[in-house]
């Protein structure tokens, strides 16, 4: 079930029930079952004319403005980590185990998810972590993993006619989420076996600056009213060091503070998934006085929260 709010998240109402099979519906009944079977909705992408493209349950759904389903498309890979839309074209990258290291693709749809075409083929990466629209120019950015040689931050300025690597070659450049400001592109390292940091890439010359050591691999992030947020994950071997999943925040991009902490729950990883914190993907998903987030496989598992702060000030700290 997809719910919708028209008042900034104060109240929610059912909007659409995805046309799932009986088996898929059964797998998504409870919190633990959803985690075990990866049976959940991962992304809801709004398009013009109030149409929605929904990624989840190993498929892609097209929803009309009234919530009815207009069709289902096959999904390449298990689930994309980060998707984007630009000029009503939806992009996602293949994310799958890919132990055999076969080529992976970036896929695009210009007809609201009805049909999909490969717009780029990576031959020397394990999988694509995310595709991102740069709000300050006409570019699209891509992140890939996982080995040193496969880790990279890429950019295309001509809709995948050409793709250039701007950073890569080490676990510290193995990124998932990118955040954009006029001068910098921010990211965190997703390096399970290394010490992890937050970084920013300077647009003018590509220089990468280390900003802050953090307590685990960095998966996701978001921007709210000028405030930057990144969250760490708790996965082996991080579990041997800490069971904390942290949200880090900065008002200026230079000084970072721990904003919230959640504890990894008792259910084993990777069977019931790594401890992490999810953020809304859309620009309107968070109000300027607070950030929406969803702890996952931690304390407060799968319960969406809005944590308040004053824009421009250090975000208040919270521990769960």
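Values in this text are rule-based calculations from the coordinates and carry no lab data. None of the values given here were measured: they were computed from a predicted structure. With ideal geometry, Cβ positions are generated from the backbone for all residues, glycine too; neighbour counts draw on all protein chains shown.
For this structure, a couple of remarks:
- Note on residue 210 and residue 69: with the Förster distance fixed at 51 Å, the Cβ-Cβ geometry gives a FRET efficiency of about 0.65.
- Sorted on the mean count of surrounding Cβ atoms within 10 Å across their residues, most packed first, peptides 257-264, 27-34 read 257-264, 27-34.
- Cα-based radius of gyration of the chain once divided by 2.2 N^0.38 Å, which approximates compact folds: 0.94
- Spatial separation of Cα centroids for region 174-239 and region 241-255, in angstrom: 9
- Convex hull volume of region 1-125 per residue (C-alpha atoms, cubic angstrom): 127
- Using C-alpha pairs under 8 Å with a sequence gap of at least 6, the mean separation divided by the residue count of region 76-169 gives a relative contact order of 20 percent.
- Expressed in units of 2.2 N^0.38 Å, where N is the residue count, the Cα radius of gyration of region 23-92 is 1.15.
- Whole-Å semi-axes of the ellipsoid equivalent to region 178-320 (Cα gyration tensor, √5λ, descending): 24, 19, 12
- The alpha carbons of region 76-169 occupy a box of 33, 28, 20 Å along the principal axes, longest dimension given first.
- Likely footprinting exposure, 254, 100, fewest C-beta neighbours within 10 Å first: 100, 254
- When each of 42, 95 is scored by the number of other beta-carbon atoms lying within 10 Å, the sequence from fewest to most is 42, 95.
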